[in-house]
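Heads up, the thing below is written out as structure tokens.
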Amino acid sequence: MAARFGFSEDTVRLAAALRPALASRGVPESAFVDNGSAFVDSWLLRACAVLGIKLIHSTPRRPQGKGKIERFFRTVRGQFLAEITPEIAAQISGLAELNKMLAAWTETVYHLTPHTETGQPPLRRWQDGLPVPLPLPTPAQLREAFLWSEFRTVAKTATVSLHGNTYQVDQLLAGRKVELVFDPFDLTGIEVRHRGQSFGAAVPFTIGRHAHPKAKPEQPGQAPEPTGISYLNLIGAAHDSQLGERINYAALLGSSPGPHSPGPDQLPGQITIDEALGSAAGEEQ
């Protein structure tokens, strides 16, 4: 039971919210998640497997299964974000301080305020619904669960490659498929495992990337630089040009319009009401 803001919805931001939730509330038997890319990532599958959590994905195009979390989002918008006035927002130093404020509001207000329908505080109702308290993970278990891993086949030269980096491993592993376990933000330290047994750390041979491609730091999106071109002005100029190129039918038919020549607001072949009435009167005579 934890929440945080982020500049993007990805695996790293999910881990930043999930890890403190498990550390403070315990490890559940199952986790009900969405079908977004972060929730189907191999990292989450590995983390749940390490901690013994059954991962359950919601049914696509069935919002009924996500009503509780959507209601929580609405409460955050209506009770927490509504208090972040422009004056207060100007005093917030960054995302870390905003998440600290959110955590304080969640623990001291949201969790302890009785719900209007159930009459119970959310935290108390959640605790009462547990047959036994959830087991708290050890720091070692959490660290192992939140490491990433990828499988590689060791070359004959007893080396492996990972995202452009080359590492030296035990010669006994040549030709075998191994698991490389690592911190996504530090590719210089990698543990090599084979069939669940550790073969020590891989020795960096060529390092061109120090972090996993998905391990991007928390930073706001950059606004595109102005091009100096006004899109609306371009549209206006094109429209004016089209108006200037319209055909002047009166000029095509002659400099002085005749009795049946179209006026400036008439189309070729079109007659006025007076002409129509005059023709009708002549036929009657």
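Coordinate-derived values only; no laboratory data. These numbers were taken from a predicted model, which means no experiment stands behind them. Note that we place each Cβ from the backbone using ideal geometry, even for glycine, and neighbour counts take in every protein chain shown.
Which entries of Lys177/Lys214; Lys68/Lys100; Lys66/Lys216; Lys54/Lys214 have Cα-Cα distances beyond 26 Å here? Numbers along the way, then the final one.
On the way: Lys177/Lys214 23 Å; Lys68/Lys100 23 Å; Lys66/Lys216 28 Å; Lys54/Lys214 24 Å.
Checking Cα-Cα distances, Lys66/Lys216 exceed 26 Å.
Roughly how big is the range 147-206's charge dipole about its Cα centre, with Cβ charges of +1 (Lys, Arg) and -1 (Asp, Glu), in debye to the nearest 20?
Values: 6 positive and 6 negative charges, 71 e Å.
Value, rounded to 20: 340 debye.
For Leu172 and Ile92 in one chain, what is 0.36 nm times their gap in residues minus the Cα-Cα distance, to one decimal in nm? Walk me through the numbers before you get to the answer.
On the way: separation 80, 0.36 × 80 = 28.80 nm, distance 5.47 nm.
The Leu172-Ile92 span can extend by a further 23.3 nm.
For the peptides 98-104, 44-50, what is the packing order when you average, over each peptide's residues, the other Cβ atoms within 10 Å and list the highest mean first?
Numbers: 98-104: 15.3, 44-50: 17.6.
In decreasing order of mean packing, 98-104, 44-50 become 44-50, 98-104.
Under the rule a/c < 1.5 gives rounded, and otherwise a/b versus b/c splits prolate from oblate, where does the range 8-95 land using the Cα gyration tensor? List each step's numbers first, then the result.
Working: a/c = 2.18, a/b = 1.60, b/c = 1.36.
Prolate, because a/c is 1.5 or more and a/b exceeds b/c.
Can you compute the modelled spin-label distance between Phe5 and Asn233, with each label point 7 Å from Cα toward Cβ, in nm?
Taking the simple label geometry, Phe5 and Asn233 are separated by 3.6 nm.
Between Leu112 and Lys156, what is 0.36 nm times their sequence separation minus the Cα-Cα distance? Round to one decimal in nm.
Extra length available between Leu112 and Lys156 comes to 9.8 nm.
Name the shape class, rounded, prolate or oblate, that the alpha-carbon gyration tensor gives for the range 147-206, where a ≥ b ≥ c are the square roots of its eigenvalues, rounded holds for a/c under 1.5, and otherwise prolate holds if a/b is larger than b/c and oblate otherwise. Don't skip to the end; give the middle numbers.
Numbers: a/c = 1.70, a/b = 1.21, b/c = 1.41.
It comes out oblate by the Cα gyration axes.
By the gyration tensor of its Cα atoms, with a ≥ b ≥ c the square roots of the eigenvalues, what is the shape of the range 54-183: rounded for a/c under 1.5, prolate for a/b over b/c, or oblate? Each step should come with its number before you reach the end.
Values: a/c = 2.77, a/b = 1.99, b/c = 1.39.
It comes out prolate by the Cα gyration axes.
Between Leu243 and Trp126, 0.36 nm times their residue separation minus their Cα-Cα distance comes to what? Walk me through the numbers on the way to the answer.
Working: separation 117, 0.36 × 117 = 42.12 nm, distance 6.82 nm.
Going from the current span to full extension adds 35.3 nm.
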